[in-house]
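Only one structure is covered here, and it is reproduced in the block below.
The values are calculated or read from the model by the stated rules, or taken from the named source; none is laboratory data. Please read all numbers here as calculations on a predicted model, not as lab measurements. Note: ideal-geometry Cβ built from the backbone for every residue, glycine included; neighbour counts use all protein chains shown. We work out accessible area using only protein heavy atoms, side chains counted, and drop any ligands, DNA or RNA first. Shrake-Rupley method; radii C 1.70, N 1.55, O 1.52, S 1.80 Å.
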Amino acid sequence: GRRGWLTAYQIKEVFRGRARELFVDRYVLLDLLGEGGMGRVFKAHDTRLQRDVALKIIRKERLSNPAAVARFGHEMVALGQLQHPHVVKAFDASQTGDTHFVVMEFIDGQD
């Protein structure tokens, strides 16, 4: 279990003066898992449900276009309805301030 230790990623972010950015709504970012055209995916801890999740934060520049925001919304509804053993489950899609994010099932291992 967790002992309250900081992860290597968190230590790096704290030293860069970005400690505040480790918190997104009720989620605490633990590690950067990957980056893509739409955004960055983190391993995060859901402080309410006490479980680790994959948290995708959408790039702000992608959301400057209203059509892209609408497409993102439609994709999230479709992903939320999709149930397949080889596809991660989407738990939530939300925003806090101007940060839009998707909460997905975290599966430890290779992508």
Taking region 70-88 and keeping residues over 18 Å from Ile57 (Cβ atoms) and either of a type in the set (A, V, I, L, M, F, W, C) or at pLDDT 85 or above (or both) leaves Ala70, Val77, Ala78, Leu82, Val87
Out of curiosity, is Glu13 in contact with a Leu (Cβ under 7 Å, 6 or more places away or on another chain) and not small (Gly, Ala, Ser)?
yes
Picked from region 33-43 (must be modelled with pLDDT of 90 or more and not β-branched (Val, Ile, Thr)), the residue least open to solvent (accessible area, probe 1.4 Å) is Phe42
Result of the Cβ filter at 6 Å on region 62-83, keeping first residues that are on the phi > 0 side of the Ramachandran plot and partners that are surrounded by 12 or more Cβ atoms within 10 Å (Cβ to Cβ) and part of a helix (DSSP H, G or I), at least 6 apart or interchain, is none
Quick count over region 10-30, residues being open to solvent by less than 70 Å² (accessible area, probe 1.4 Å) and under 23 Å from Ala93 (Cβ atoms), is 7
- prompt: Can you find even one residue in region 17-26 that is more than 15 Å from the chain's Cα centre (by Cα) and of a type outside the set (Lys, Arg)?
  reply: yes
Contact list, first residue from region 7-27 and without any contact (Cβ under 8 Å) to a residue 60 or more places away in the chain and basic (Lys, Arg), second anywhere and surrounded by fewer than 13 Cβ atoms within 10 Å (Cβ to Cβ) and not in a strand (DSSP E or B), beta-carbon distance below 8 Å, six or more apart or interchain, is Arg26/Thr47; Arg26/Arg48
Going through region 14-69 in order, the residues found to be assigned to a helix (DSSP H, G or I), touching an Asp or Glu at 6+ places or on another chain (Cβ under 9 Å) and under 13 Å from His100 (Cα atoms) are Lys60, Leu63
Here the residues within region 44-87 that are open to solvent by less than 60 Å² (accessible area, probe 1.4 Å) and of a type in the set (Asp, Glu) are Asp46, Asp52
